[in-house]
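To start, the structure under review is shown below, and the notes come after it.
Coordinate-derived values only; no laboratory data. Small disclaimer: the values here were computed from a predicted structure and weren't measured. Note: ideal-geometry Cβ built from the backbone for every residue, glycine included; neighbour counts use all protein chains shown.
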Amino acid sequence: MNFSPLIKNFDLITSITPECRYDGESDFIAWQKKAKAKLAELLGMDKYERCDPEFNIEYTEECEGYTEYRFTIQSEPGYYFPSVMRVPHGKSGKQPLMICLQGHSNGFHISLGKPIYPGDEDDINGGDRDFCVRAVKEGYIALAVEQRGFGECKGIEGSGTNCYQNNFRAIMMGRTMIGERVWDISRCIDAVLEHFDFVDPDRICLMGNSGGGTATYYAACLEERIALAMPSCAVCSWDNSIAVKRHCLCNLVPNIANYFDMGDMGGMIAPRKLIVVHGVTDVGFYKPGVDKSYAIIEKAYEKVGVPENCYLVTGPEGHRFYADLSWPVVHKMMKD
Amino acid sequence: MNFSPIKKNREVLINTAPAMRYDFKMDFTAWQKQAREKLVELLGIDMMIPTEPSFTIVSKTSIETYDETVYSIASEKNYSFTSTLRTPKGVSGKLPVAICLFGHADDLLQSVDGTDGRDLCKQALDRGYASLSVEQRSFDNCFAVRDITPEEAPTRTTWCACYRSSMRAFLLGRTTIGERVWDIMRSLDALLANFDNIDDENIVIVGNNGNGTAAYYAAAVDERIGAVIASNGVATYESSIATFSHCVCNYIPNVASYFDMGDFGGLIAPRKLVLVGTIKDNWFPERGLRAAYAMIEKLYAAAGASDNSKLVINDGERRFDPHAWELIK
């Protein structure tokens, strides 16, 4: 006799066949359209309102090897967020862009390699989390975006993150934090393409680790201007990640398990490029769940006729990004 | 320039007109039907499937002034829980029954022996009710010990495992609070089917704090409940769970698009409703309670039952007020 609701609900999750799983036979484009509409509904994308972005460059600074811009935009009426872009010196013409999303950390300054709070240096130096520093070295324009609930956009002073309170206010109104973050990324792309004519609109890439990887994956499903997505330590079946271990509630999309598991959503990114990164000893996103999800993704890419456009990077450690293993794949896929 | 999503979402919430608020023009009973269906959907109860209850008497004990029967039922396939029925000795005929909810800050033992108003079952028995304690999901016996992680254990004064269970429920389109309402309903089914000394026209539900919230939602959904005392658990969303970080089990996705807390009072009307609060409550603050009750009063008037709702505000701590029992007679 089972008295545990945890066991009961886990049984339900593992016994569901998601309604929007691609059946392998029907018209793939038609499936993508329907799946994107459903995902957008689940994320609450119809709840966010466009407005005047009030684009504002706060500073432009010449640094060693790059020019740095900090700008803000208004993505919804009354909500603004900052982004910092680094443009490598010595390049001409239109250049590729890597948008970089941190996971749960003290803020996007980690991506920039700039410690502010105690503990930041450990984050920056361990786990390749200085995404923008590496992206510039790889010849990309790097763009760090501050996500809702993190850093300057957490709504309270001090270090740490603040997802709980943010999340439930959103959820109660049919919004989701992931949906809000996806929205912000799209508005940021709007602003970048409008104001920085050296950004190549055909080579916009998006990466993130952990919570940033989650946002990367969802954003790539819906935002077709993203040519390459690189979610790290995030793509994993529910039963091996957020449904089995205690994760931040900002991962939550209500009712999603009835329609999709994580792997099912990868088909929405195809034929665009997708690099799934994970660590074999990650104890938040277990390897069996990553493998299971990636198997579904591979089939979708084969169906579309571009199996070479998806790749699984397996790092030897745990929950972190693997820059040395991943960037060569980026260059190979983007042919640069 | 606002960088706070908390502030942004608070503004959205304040400016959201709940889509299913009663407009005071349409037929009230027709509105109740639509609104109740929507609430059931939002709670995820429409996803839950009844099963063979497998009613089992676990134990029968004679205590000094009452008899205690513990029974278990399956409310869903592969989920069971116990309920404890206590009936006062020396009373003949059919008994009114008080469903007494306990949880985050109290437990089954305190429901008879507790202090500071926690002894809801004893209060019910002293007033001639049978009491029914329903073991709620993620409290006490209804979770697995391993659900509590080592880092959580030292900080917990009582066992509650709401976080992960709620996360799983949400992913499935369910809610913990909906699951609890479902279990209350199934326990009531079992009670009425197996104990012929219970008056099925005299069922009340009481709870304090988060259990006050659960009592309120249960009464909104289950029309067999004739009266409810919801203590320190009802206030406008903006003043309470959307402002402070309450336990995850309080939350219902998308509810604020359709209702605020006061609107649900209309689903309870014309049945008796007593809301209890205190000026010292920071979790369900007085201003939010009064605002919710202002809507409830209007709804009860629309139902032609203005005398059936009451608001009691004390100046003490956040405890159940035993005087509220008098107001549901």
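Contact order for chain A, expressed relative to its length and based on alpha carbon pairs under 8 Å spaced 6+ residues apart, stands at 17 percent.
Classify region A:18-334 as rounded, prolate or oblate from the Cα gyration tensor: take a ≥ b ≥ c as the square roots of its eigenvalues, call it rounded if a/c is under 1.5, otherwise prolate when a/b beats b/c and oblate if not.
rounded
At q = 0.28 Å⁻¹ the log10 of I(q)/I(0) for region A:288-336 amounts to -1.09, computed by Debye summation with a single uniform scatterer per C-alpha, solvent ignored.
The GluC sites (Glu not before Pro) of region A:270-330 that meet both conditions, a loop assignment by DSSP and at most 15 other Cβ atoms within 10 Å of the site Cβ, are A:E317.
Bridges between two residues of the protein assembly as shown, per DSSP, are antiparallel at a rate of about 45%. Charging the Cβ of each Asp and Glu at -1 and of each Lys and Arg at +1, and nothing else, the dipole of region A:18-334 about its Cα centre rounds to 600 debye.
Shielding of peptide A:156-169 by partners, expressed as the average count of other chain Cβ atoms within 10 Å per residue Cβ, is 4. In this entry, region A:253-336 is assigned a mean projected area of 6.0 nm², taken as a quarter of its C-alpha convex hull surface. Counted by neighbouring Cβ atoms within 10 Å, the residues B:V70, A:V84 run from fewest to most as B:V70, A:V84. Relative to the compact-globule estimate of 2.2 N^0.38 Å, the Cα radius of gyration of the protein assembly as shown comes out at 1.04.
Need one word for region B:37-328: rounded, prolate or oblate. Basis is the Cα gyration tensor (sqrt eigenvalues a ≥ b ≥ c); a/c below 1.5 gives rounded, then a/b vs b/c decides.
Details: a/c = 1.33, a/b = 1.10, b/c = 1.21.
Here region B:37-328 falls in the rounded category.
Charging the Cβ of each Asp and Glu at -1 and of each Lys and Arg at +1, and nothing else, the dipole of region B:37-328 about its Cα centre rounds to 220 debye. When region A:18-334 is described by a simple charge dipole with +1 on each Lys and Arg Cβ and -1 on each Asp and Glu Cβ, the residue from A:M333, A:V133, A:A40 located farthest towards its positive end is A:A40.
How big is the antiparallel share of DSSP beta bridges in chain A, given as a percent to the nearest 5?
Numbers: 22 of 47 bridges.
That works out to approximately 45 percent antiparallel.
Cβ-to-Cβ counts within 10 Å put B:I268, A:I124 in ascending order as A:I124, B:I268, the fewest first.
Mind putting a number on the dipole of the protein assembly as shown about its Cα centre? Charges go on the C-beta only, +1 for Lys and Arg and -1 for Asp and Glu, and I need it in Debye to the nearest 20. Present the calculation step by step, with values, prior to reporting the outcome.
On the way: 70 positive and 88 negative charges, 112 e Å.
Roughly 540 debye, rounded to the nearest 20.
If you scale each eigenvalue of the Cα gyration tensor by 5 and take the root, what three semi-axes come out for region B:195-322, rounded to whole angstrom and sorted largest first? Show your work: numbers first, answer last.
Values: eigenvalues 98, 52, 47 Å².
They are 22, 16, 15 Å, listed from largest to smallest.
Note on A:I99, B:I45, B:I296: ascending count of other Cβ atoms within 10 Å places them as B:I45, B:I296, A:I99, the fewest first. Looking at region B:239-287, the trypsin sites (Lys or Arg not before Pro) that sit in a DSSP loop and have at most 14 other Cβ atoms within 10 Å of their own Cβ are B:K280.
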